[in-house]
Amino acid sequence: MRKFNTAIVGATGAVGQEFLKLIEERKFPFGELKMLASSRSAGKKINFMGKEYTVEETTEKSFEGVKFALFAGGAASKLFAPAAVASGAVVIDNSSNFRMEPDVPLVVPEVNPQAIARHKGIIANPNCSTIIMVMALKPLYNLSRIKRIVVSTYQAVSGAGREGMDELKAQLEAISQGKPVEAKILPVAKLEKHYQIASNLIPQIDVFKENLYTKEEMKMVDETKKIMEDDELRITATTIRVPVYRSHAESVNIEFEDEITVAAAREALEKFPGVIVRDNPAEMIYPQPLETSGKDDVEVGRIRKDFSIEHGLNLWVCGDQIRKGAALNALQIAEYMIANGMVHDED
Ligand code: 3JN
């Protein structure tokens, strides 16, 4: 069995830890495994599959002999992806640092695997909300070109990392104990102003751009066009943080060029790998973030006509943003490359 030396950059964070779970669960054929992180986490011990690993500080030399460098997110790839590529590694990067570069494929393996072959060392994982949405869009786009999308997201606090989850938990505890509520992380940790998320919604994810949209909203717009290879696609997004620990949810309104019946949409979604249709209003069956948390598949429900336009459908989509929205999607890219002979252990 061929094995591939693998490095996880950001091994101690929420996405890094999910990489480890998935590597074990999916029997990813790793050879040597390197746990890399910033100097702050260097020296920490991680027990994985019966072995103790010491987290090493990422340096330009960390990637010698490495075949897959899985970057969990943040600034690390900006600093070290070029060195990893120069060492002969394929970089799969979960950050936005390279997503919109023309030379960098932006890939969801079920949606646009053909893009992988164009890589020059770096392959980008899309934003979590984008991945979850395009999983539901692609099977429908195959039936009819999509003219316009209006999406609103309901994003879990773990999208802001472990600190986001800790903050919601601490706030819920403070409320139940009648203590003052502290807000230090959301909506954006590095900004001065913070808002309580417990019992609240925050209509800001990431910082604002000059056009009055947030960066998260513009990522959904720009990345979706690139993944669907359709620059004419019109799309507008509103992204909202909700007091849910895990799994993003999205309300997606789609205008098609041609008529798509609910039955045809349902059938196409049911057949699409990685998507589960959970949709039976009579039995009150629909996707919910509690149910998709920790799961691989993206769930779609509330499939219904938009009677206000000619060829419109509404969907409700839920998916675990740390799994399919991040670590799972990245690992699937590596698995696709292995299965299709796109990376070799000998070279
Ligand atoms: O907040 C969320 O729910 C998703 C956050 C994604 C995120 C957070 C910080 C930096 C990203 C991303 O994946 O787009 C980035 C980034 O890499 O720009």
Quiz item: How many residues are within 16 Å of the ligand (Cβ to nearest atom) and either outside any strand (DSSP E or B) or more than 21 Å from the chain's Cα centre (by Cα) (or both) when one looks only at the stretch 81-94?
Solution: 2
Practice problem: Among the numbered conditions (1) surrounded by 15 or more Cβ atoms within 10 Å (Cβ to Cβ); (2) not in a strand (DSSP E or B), tell me where LEU36 comes up short. | Solution: (2)
Quiz item: So, in the stretch 322-345, of the ones that are away from the ligand (no atom under 16 Å from the Cβ) and of a type in the set (S, T, N, Q), which residue ends up surrounded by the fewest Cβ atoms within 10 Å (Cβ to Cβ)?
Solution: ASN340
Quiz item: Taking interchain pairs and intrachain pairs at least six residues apart, which have beta carbon atoms under 6 angstrom, with the first residue in the stretch 104-133 and modelled with pLDDT of 95 or more and the second more than 14 Å from the ligand (Cβ to nearest atom) and among the basic types (Lys, Arg)?
Solution: PRO105/ARG118; VAL111/LYS138
Quiz item: When the stretch 170-202 is examined, which residues are found to be under 27 Å from GLN17 (Cα atoms), open to solvent by 30 Å² or more (accessible area, probe 1.4 Å) and not in a loop (DSSP other than H, G, I, E, B)?
Solution: ALA170, LEU172, GLU173
Practice problem: Sort through GLU259, GLU255, GLU192 and tell me the only one that's without any contact (Cβ under 8 Å) to a residue 12 or more places away in the chain, farther than 28 Å from ARG118 by Cβ and of a type in the set (Asp, Glu). | Solution: GLU192
Quiz item: helices (runs of 4 or more DSSP H) wholly in the stretch 259-347 with at least 2 residues that are over 22 Å from VAL151 (Cβ atoms) - which ones?
Solution: 262-271, 328-339
Quiz item: Consider GLU167 against the criteria (1) under 30 Å from LEU313 (Cβ atoms); (2) out of contact with any Ser or Thr (no Cβ under 6 Å at 6 or more places or on another chain); (3) not in a strand (DSSP E or B): it satisfies all of them except one. Which criterion is unmet?
Solution: (1)
Quiz item: If only one of LYS21, LYS27, LYS78 is out of contact with any Leu (no Cβ under 8 Å at 6 or more places or on another chain), open to solvent by 20 Å² or more (accessible area, probe 1.4 Å) and outside any helix (DSSP H, G or I), which one is it?
Solution: LYS27
Quiz item: Any idea how many residues of the stretch 39-55 are open to solvent by 80 Å² or more (accessible area, probe 1.4 Å), assigned to a strand (DSSP E or B) and under 20 Å from PHE68 (Cβ atoms)?
Solution: 1
Self-check item: Count of residues meeting criterion [open to solvent by 10 Å² or more (accessible area, probe 1.4 Å) and either under 27 Å from THR12 (Cα atoms) or more than 16 Å from the ligand (Cβ to nearest atom) (or both)] in the stretch 128-166
Solution: 17
Quiz prompt | Options ASN112, ASN97: the member that is at negative phi and within 16 Å of the ligand (Cβ to nearest atom) | solution = ASN97
Exercise. Assess whether ALA265 counts as being among the aliphatic types (A, V, I, L, M), more than 16 Å from the ligand (Cβ to nearest atom) and under 26 Å from PRO289 (Cβ atoms).
Key: yes
Exercise. Could you figure out which of (1) within 10 Å of the ligand (Cβ to nearest atom); (2) over 18 Å from the mean Cα position of the chain (by Cα); (3) hydrophobic (A, V, I, L, M, F, W, C); (4) under 23 Å from ARG99 (Cα atoms) isn't true of LEU186?
Key: (4)
Practice problem: Please work out which residue is farthest from SER129 (Cα to Cα), limiting yourself to the stretch 244-255 and to residues that are away from the ligand (no atom under 13 Å from the Cβ) and surrounded by fewer than 21 Cβ atoms within 10 Å (Cβ to Cβ). | Solution: GLU255
Self-check item: Hey, ASN329 within 30 Å of LYS67 (Cα to Cα) and under 13 Å from the mean Cα position of the chain (by Cα) or not
Solution: yes
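The values are calculated or read from the model by the stated rules, or taken from the named source; none is laboratory data. Owing to the predicted nature of the structure, the values given are computational and were not obtained by experimental measurement. Cβ atoms come from the backbone with ideal geometry, glycine included; neighbour counts cover every protein chain shown. We work out accessible area using only protein heavy atoms, side chains counted, and drop any ligands, DNA or RNA first. Shrake-Rupley method; radii C 1.70, N 1.55, O 1.52, S 1.80 Å.
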